[in-house]
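Only one structure is covered here, and it is reproduced in the block below.
Here, each number is a calculation from the coordinates, and none is a lab measurement. Please read all numbers here as calculations on a predicted model, not as lab measurements. Quick reminder, even Gly has a Cβ in these numbers, built from the backbone with ideal geometry, and neighbours come from all protein chains shown.
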Amino acid sequence: MPAQLLEVTDLSAGYGPTRVLEGVSFSVPAGSRLAVLGRNGMGKTTLLATIAGQTKRYGGAIRMGDTELTNLESSSRARSGLGYVPQARCVFPSLTVEENLFVGLKDRDRSAISEAYEMFPRLAERRKNLGSQLSGGEQQMLTTARSILGKPTVLLLDEPLEGLAPVICEELMAAFSKLASGGEMTVVLVEQRIQSALDFADRAIILERGRVAWSGTPAELAAQPEVVERLLGIGGLH
Ligand SMILES: Nc1ncnc2c1ncn2[C@@H]1O[C@H](COP(=O)(O)OP(=O)(O)OP(=O)(O)O)[C@@H](O)[C@H]1O
């Protein structure tokens, strides 16, 4: 399946009575990469969780290609081709790396596991290790690889670099870029490491208190240091 367009229209959502997102609209063309930026607590995780169907939606619509996701359960969204790698790394600690990967295969043949090892050779080296024996970076690779084995056409990544050493971040970002460059996947990346996210993305949106406060290309953002300072709280980009 080729990558699909992701379109979010006037989305409002939150948790129980707490509204977090208000009137969020953006679209990510098929095969492109969007960075979602913003200071802590501005609604980035809530946005991805809402697209994945895991929060309370008050209004608005979410469409992936020709599929209207808005009223689907999260499991149906996943079956429709939506991959979601949440912030918490979900590794089964008592299963080996390979067994963890089997979980991601859905109805694909076991030989497809080689795709995960190709993308993350480190996982091949650790294939017999238990999930509990992996480093943070290896856990992130495993969680991501498991999601990718399901062949998502739209992939949501929530802070994959959190807590990882710079060298592992580079390795992961290179793997994400490789994945996205094949044109088989549309990627939405939430990341606090702003420069890494902008190096990866074609476009970015910045959330402020649950609304889209800015959108544009990484080059446009780099040319607006006052926006960077006001919405991201850093002195500038390089
Ligand atoms: N389960 C929840 N129940 C109620 N409120 C929540 C819940 N999760 C998050 N919130 C609130 O929603 C708001 C947005 O949080 P969210 O995690 O989406 O922000 P974020 O931009 O991803 O932040 P960070 O960069 O710190 O991860 C915050 O005010 C947070 O306190």
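The table for this structure:
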{"item": "Cα lying deepest toward the dipole's positive end in the chain, options 150, 116, 197, charges on Cβ", "result": "150"}
{"item": "Per DSSP, loop trypsin sites (Lys or Arg not before Pro) in region 153-203 with at most 13 further Cβ within 10 Å", "result": "none"}
{"item": "Nearest 10 degrees, 0 to 90: helix 166-181 Cα axis against the chain principal axis", "result": "80 degrees"}
{"item": "Inter-probe distance in nm under a simple model that places probes 7 Å from Cα toward Cβ, at residue 118 and residue 230", "result": "4.7 nm"}
{"item": "Phi to ³J(HN,Hα) by Karplus 6.51 cos²θ - 1.76 cosθ + 1.60 over region 6-17, Hz, x for Gly, Pro", "result": "10, 10, 10, 10, 6, 7, 10, 7, x, 10, x, x"}
{"item": "Computed over the chain, Kirkwood Rh from alpha-carbon pairs, angstrom", "result": "18.1 Å"}
{"item": "Relative contact order of region 106-170, defined on C-alpha pairs under 8 angstrom at six or more residues apart (%)", "result": "38 percent"}
{"item": "Phi-based couplings in Hz for region 97-107 (Karplus 6.51, -1.76, 1.60; Gly and Pro marked x)", "result": "4, 5, 5, 4, 5, 4, 4, x, 6, 6, 9"}
{"item": "Farthest positive-ward along the chain dipole, Cα basis, beta-carbon charges - from 102, 181, 166", "result": "102"}
{"item": "Karplus (6.51, -1.76, 1.60) ³J(HN,Hα), θ = phi - 60°, over region 140-150, in Hz, Gly and Pro reported as x", "result": "5, 4, 5, 4, 5, 4, 4, 5, 6, 4, x"}
{"item": "Estimated distance in nm for a label pair at residue 75 and residue 237, the labels positioned 7 Å out from Cα along Cα-to-Cβ", "result": "4.1 nm"}
{"item": "Placed amide H near residue 37: partners under 5 Å, 5+ positions off or other chain", "result": "205, 206, 207"}
